[in-house]
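In what follows, a single structure is set out as structure tokens and then discussed.
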Amino acid sequence: MYKIIFLFLFIPALSSAQELYVFSEPASNMPSQSVGVRQSLKTVFDNNTRDPSFRHNTDIMFGVNKNLMLHAGFGFSDMYSKRTQFESVRFYAKYRFFSQDAIKKHFRMAAFGEVSHSVNRPTYEELSVEGDQSGFRCGLIATQLLHKLALSATVSNIQVMQKERWNKSLSAIAPFQAIDYSLSAGYLVLPKTYTSYKQTNLNLYLEVLGQQVTDRKSYFIDIAPAAQLIFSSSIKFNMGYRWQIAGNANRMALDGLFISGEILFLNALRKQRE
């Protein structure tokens, strides 16, 4: 009886596992009252020497309720220095404001915003608030689930907010505003049929990620395939590779590997309140 109740409550959430994109966020949120911890490693390769550089990010995630999700994180990197050092702190919030749900399908929309403080100075034409620059990003996400296939689109604006932005001699080095966009697809390969929350999930993803700098004529478009394993509905392992297929922006690297691990604690916030 307990297993039947558990499946009734949690299989609707498990069935949208293919929305857990590796390089972007869906409009759906993590389960209400849950807490997640994610550790990620991003490796990029120098365009000339192919020497690798690494970024280590740690994020704590909170599912406040079904509509609101919060992240807080920090990172270390050797991408802008000769040794690994503290790089940034980041905060992220996403609010789902529309949901049209049906059996084995739904359409959802969400608004999000994130802000970061980085020790790095603007250097390249690629803008990012994951550790490269200090600034903020805000945007909209729309996600459509169709049984085992999930499609998602994101558009956002990035603003770099550092003193170099207002220094005319330095502002020519790097841009300070851009439009980000992405198109993502995820497909649930395993299991074929849900019978237990302990079943291992295998999801495959393909994402197209782009950026158009708005204060100069530079852009890039990347493609990023990825694979994801989910164990017992609470432990997640991601691996993906991203490389540029078009663009003229001056970037630190044109390709890179991303690996992350994540653990989810269901009802952690509810237990804490009790």
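Bear in mind these aren't lab numbers, they're just calculated from the coordinates by the rules spelled out. Keep in mind that what you see is a predicted model, and the values were worked out from it rather than measured. FYI the Cβ positions are ideal-geometry reconstructions off the backbone, even for glycines, and counts take in every protein chain you see.
What residue among Thr214, Thr195, Thr58 shows peak mean-square fluctuation when the chain is described by a Gaussian network model with Cα springs under 10 Å? Top of the fluctuation ranking is Thr195. Remark: spin-label model distance Tyr197-Gln212 equals 4.4 nm, labels positioned 7 Å along the Cα→Cβ axis. Computed over the chain with a Gaussian network model linking Cα atoms closer than 10 Å, the most mobile of Ser34, Ser134, Ser152 is Ser34.
Past 27 Å, Cα to Cα: identify those pairs from Lys148/Lys236; Lys66/Lys104; Lys42/Lys105; Lys66/Lys163; Lys94/Lys192; Lys42/Lys66, in the order given. Each step should come with its number before you reach the end.
Details: Lys148/Lys236 18 Å; Lys66/Lys104 18 Å; Lys42/Lys105 33 Å; Lys66/Lys163 38 Å; Lys94/Lys192 31 Å; Lys42/Lys66 30 Å.
Long pairs (Cα-Cα over 27 Å): Lys42/Lys105; Lys66/Lys163; Lys94/Lys192; Lys42/Lys66.
How large is the translational diffusion coefficient of the range 2-273 in µm² per second when you combine the Kirkwood radius over alpha carbon pairs with Stokes-Einstein at 10 °C and 1.306 mPa s? It diffuses with D of about 82 µm²/s by this estimate. Charges were assigned to the Cβ only: +1 to each Lys and Arg, -1 to each Asp and Glu. The resulting dipole of the chain about its Cα centre is roughly 660 debye. Debye-formula intensities of the range 96-185, expressed as log10 I(q)/I(0) at q = 0.16, 0.20 Å⁻¹, are -0.69, -0.88 (one equal scatterer per alpha-carbon, no solvent). Taking the square roots of 5 times each eigenvalue of the Cα gyration tensor of the range 158-254, largest first, gives ellipsoid semi-axes of 39, 15, 10 Å.
Full extension of the chain between Ala185 and Ser81 yields a length gain of 33.9 nm, computed as 0.36 nm times the residue separation minus the alpha carbon distance. Taking Lys105, Lys66, Lys82 as the candidate residues, the one with maximal mean-square fluctuation in a Gaussian network model of the chain, Cα springs under 10 Å, is Lys82. Phe237 sits among other residues whose Cβ lies under 13 Å from its own Cβ, and their net charge, with Lys and Arg +1 and Asp and Glu -1, is +1.
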